[in-house]
Amino acid sequence: MIVYVAAGLLALLSLSIPVGIVLFLLGFGVDIFFSPFPLIRGLGQMVWSTSNNATLIAIPFFVLLGEVLVRSGVAEKTYSALDRWVSWLPGGLVHANVATATMFSATSGSSVATAATVATVAMPQAERLGYDPKLFSGAIAAGGTLGIMIPPSINLIVYGFLTQTSIPKLFLAGLLPGLGLALGFILVVMLICAIRPDLGGERRVFPVADMLKALVNLVPIILLFTIIIGTIYKGWATPTEAAAVGVMGAFLIAICFGHVSAGMLSQSLLGTIKITSMIMLVVIGASFLNFTLASAGLGRELSAFLDGLGLSPLETIMVVVVIYIVLGFFIETLSLMVVTIPIIVPLVVQQGYDPIWFGILMIVLIEMALITPPVGLNLYVVQGARKSGPMSDVMLGTIPFVATMLLMVAALIAWPQIALFLPGAIE
Amino acid sequence: MVAEKLIYRLKLANKWVAVLIGGLLLACAIFVLLDIIMRQAGSSFGGTDEISGYVMAIVTSWGMAYTLLELGHVRIDLLRSRGGPWTRSLFDLGALLALTATVTLIAWRCWPVLERSIVNMSHANTPLETPLWLVQTPWFAGWVWFAIVSWLTLVSAIMLIAAGRFDQSEKAIGTFGELDQAK
């Protein structure tokens with residue numbers, strides 16, 4: 001059954017049938033060929049119970065938060081403030097790209113929105129100040145991927161929902177690896193620019209008074225992050241409630257900067273509905289496939305399958321990592337996550353791994369998928385914000401950051417505590 | 001041409017639907033926020049979780065058709081983009097046909113859920129005791145709307161392709177793949 005489902009998945013996806021529909025079709029296939037009783041009777045109830053869900057409404061809330069924040073004008077302020085703080089490092093403004101992306105990730109649940117926002121603000125500077133376009137744009141594409149790792153994260157909500165793991169714990173688990181990646185990106189840029197100073201553009205030192213004054217501009221984002229994450233861990237609010245608070249916070253920021261209008265509001269709402277429905281079709285499809293696979297006895301078959309392969313847990317993880325890297329060239333983000341969760345997560349958990357830890361490992365691999373060609377969404381987003389130059393600039397520019405992510409994958413496997421320490425400490 | 005007009009009207013109608021349910025979502029966020037504030041003061045509306053769930057179900061089902069016409073449902077574009085206009089439109093038609101058939105099946109299988117709630121006069125097993133038909137009717141109607149819009153889009157696309165208007169059909173049912181998320 002596993003082999004048939006995997007082959008069917010690849011075949012249907014390559015026909016460019018919408019991903020959510022592919023998952024339903026596979027579910028129907030499992031029902032017809034492998035299930036002893038007709039599961040399709042449960043389809044309506046499945047669709048109802050998956051979408052009638054107070055946890056999943058956090059998704060449109062976080063999307064709306066991002067849509068509003070992107071249009072609020074806060075990105076420009078954050079970028080110019082961080083410029084004053086980090087541009088003295090070897091690599092100059094490239095660090096501001098990573099730092100702005102990191103801060104935006106802490107309020108936005110999406111990588112694409114993060115990359116798009118930072119790219120729009122940063123790109124004009126690159127040409128003006130004479131930075132190497134490869135490294136500069138690569139840093140934006142890679143920095144943007146942090147959006148799905150540093151909480152809040154829409155992808156972690158979907159993972160938590162489909163695997164029945166705690167979303168607050170997943171958020172907490174993503175914090176250290178996310179910050180670790182940001183630090184890794186900064187170190188790798190410093191290293192490259194120490195060897196090749198011409199790539200980094202001009203290093204600028206600002207007067208301390210200037211730096212302190214710029215701090216004011218960081219307050220909105222830091223405040224928003226503290227409110228969202230703080231209310232969750234204080235136990236005042238569920239992730240859904242925190243997301244609702246965040247939406248209002250984002251509106252407040254936009255109002256303060258004078259960027260709220262009827263047009264802006266309707267654009268934000270339309271964007272939210274579009275992304276939410278896209279996500280939900282895929283999530284409902286995956287729930288249905290999950291349900292049919294479980295009813296058809298996936299668990300038993302997986303044990304047999306694993307015994308047949310005779311792999312140790314570590315070897316299994318290695319194989320899984322390679323599968324994600326290969327698939328990540330062609331499929332990415334949510335689609336990659338959702339189509340693989342029904343098969344891969346039970347397999348990994350059966351080998352004795354912690355599902356929270358694996359969620360974080362999967363997110364790193366998916367971040368990598370976002371910046372590996374030919375299909376790497378962040379590459380296109382950043383290229384779209386550039387006025388000129390070939391696409392290959394951005395692709396080459398991400399190589400050092402992909403290497404950093406691979407190191408993070410290895411580190412997570414060697415020391416699972418990087419992810420599990422914080423959720424454990426809170427208990 | 002009839003097909004172009006039809007697609008234009010469908011897009012316009014769904015845009016209105018999307019703004020309306022977007023407003024519903026926003027109202028729900030405000031409601032949740034008020035509840036948190038009231039809880040700090042020691043009282044509560046109660047049932048925000050339940051109401052959020054219903055809002056999510058309705059927003060999800062009614063947003064699907066808008067996303068379809070905005071080419072928002074993710075498709076993996078590996079082989080399709082390598083073909084010429086004819087091949088591409090065949091891929092698009094095949095994908096839309098698969099979607100339309102599946103969505104019709106979903107809408108059809110959603111009816112028994114609502115029917116049972118009506119026949120049994122079921123109430124939610126919660127403090128609010130919401131009559132389920134009250135929230136399941138708009139939810140079900142959303143899926144039916146998605147199925148209707150899919151069929152109309154499919155028919156329009158077939159007409160466009162039959163008339164050799166590949167550029168128009170690609171605009172209506174083509175793909176940006178995952179790239180479209182960025183827009």
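Give the range A:191-242 a look and list any residue that's in a loop (DSSP other than H, G, I, E, B) and touching a residue at least 24 places away in the same chain (Cβ under 8 Å), or say none.
If the condition is that a residue be in a loop (DSSP other than H, G, I, E, B) and touching a residue at least 24 places away in the same chain (Cβ under 8 Å), then A:GLY201, A:GLU202, A:ARG203, A:ARG204, A:VAL205, A:PHE206, A:THR238 are the ones that fit.
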* Asked: From the list B:ILE58, B:ILE30, B:ILE37, which residue is of a type in the set (A, V, I, L, M, F, W, C) and touching a residue at least 12 places away in the same chain (Cβ under 8 Å)?
  -> B:ILE58
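Which of the residues belonging to the range A:321-362 are under 20 Å from A:GLY299 (Cα atoms) and outside any helix (DSSP H, G or I)?
Filtering the range A:321-362 for residues under 20 Å from A:GLY299 (Cα atoms) gives A:337-356, A:358-359.
The answer is A:GLN351, A:GLY352, A:TYR353, A:ASP354.
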* Structure fact -> Checked A:LEU293, A:LEU281, A:LEU289 against criteria (in a helix (DSSP H, G or I), more than 9 Å from chain B (Cβ to nearest Cβ), under 25 Å from the mean Cα position of the chain (by Cα) and buried (at least 24 other Cβ atoms within 10 Å of the Cβ)); the one match is A:LEU289
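Just checking: which of the helices (runs of 4 or more DSSP H) contained wholly in the range A:379-427 hold 2 or more residues that are over 18 Å from A:ASP132 (Cα atoms)?
Values: elements: A:391-397, A:399-414, A:417-426.
Answer list for the range A:379-427: A:399-414, A:417-426.
Does the range B:49-71 hold any residues that are open to solvent by less than 10 Å² (accessible area, probe 1.4 Å) and either polar (S, T, N, Q) or in a loop (DSSP other than H, G, I, E, B) (or both), and which are they? Spell out how you get there, then give the answer.
Filtering the range B:49-71 for residues open to solvent by less than 10 Å² (accessible area, probe 1.4 Å) gives B:52-53, B:56-57, B:59-61, B:63-65, B:67, B:69.
Of everything in the range B:49-71, those that are open to solvent by less than 10 Å² (accessible area, probe 1.4 Å) and either polar (S, T, N, Q) or in a loop (DSSP other than H, G, I, E, B) (or both) turn out to be B:SER52, B:THR60, B:SER61, B:THR67.
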* For the range A:1-79, which fully contained helices (runs of 4 or more DSSP H) count at least 2 residues that are more than 14 Å from every other protein chain (Cβ to nearest Cβ)? -> A:2-14, A:19-34
* Structure fact -> (1) touching a residue at least 24 places away in the same chain (Cβ under 8 Å); (2) closer than 26 Å to A:VAL375 by Cβ; (3) open to solvent by less than 60 Å² (accessible area, probe 1.4 Å) all hold for B:LEU97 apart from (3)
* **Only listed residue being open to solvent by less than 10 Å² (accessible area, probe 1.4 Å) and closer than 26 Å to A:PRO390 by Cβ, chosen from A:ALA113, A:ALA119** => A:ALA119
* Would you be able to tell me the number of residues in the range A:193-220 that are over 13 Å from A:TYR131 (Cα atoms), more than 25 Å from the chain's Cα centre (by Cα) and buried (at least 17 other Cβ atoms within 10 Å of the Cβ)? => 2
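When you go through B:LEU71, B:LEU79 one by one, which is the residue that is at positive phi and not polar (S, T, N, Q)? Write out each step before concluding.
Values: B:LEU79 fails: at positive phi.
The match here is B:LEU71.
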* Structure fact -> When every residue in the range A:363-378 that is touching a Leu at 6+ places or on another chain (Cβ under 7 Å) and in a loop (DSSP other than H, G, I, E, B) is compared, the one surrounded by the most Cβ atoms within 10 Å (Cβ to Cβ) is A:ILE371
* Just need a number here: residues in the range B:117-154 that are at the interface with chain A (Cβ under 9 Å from one of its Cβ atoms) and surrounded by fewer than 16 Cβ atoms within 10 Å (Cβ to Cβ). => 0
* Would you mention how many residues in the range A:78-97 are farther than 21 Å from A:PRO197 by Cα, touching a Leu at 6+ places or on another chain (Cβ under 8 Å) and not aliphatic (A, V, I, L, M)? => 1
* Of the numbered conditions (1) modelled with pLDDT of 85 or more; (2) of a type in the set (S, T, N, Q); (3) over 26 Å from A:GLY144 (Cα atoms), A:GLN267 fails exactly one; give the number of that condition. => (3)
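Matching residues to (1) away from chain B (no Cβ under 12 Å); (2) of a type in the set (D, E, K, R):
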| position | (1), (2) |
| --- | --- |
| A:ILE228 | yes, no |
| A:THR231 | no, no |
| A:LYS234 | no, yes |
| A:MET248 | no, no |
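The values are calculated or read from the model by the stated rules, or taken from the named source; none is laboratory data. Just so it is clear, the structure is predicted and the values come from calculations on it, not from any experiment. Using ideal geometry, Cβ is built from the backbone for each residue, glycine included, and neighbour counts are taken over all protein chains shown. For accessibility, only protein heavy atoms count, side chains too; no ligands or nucleic acids. Shrake-Rupley method; radii C 1.70, N 1.55, O 1.52, S 1.80 Å.
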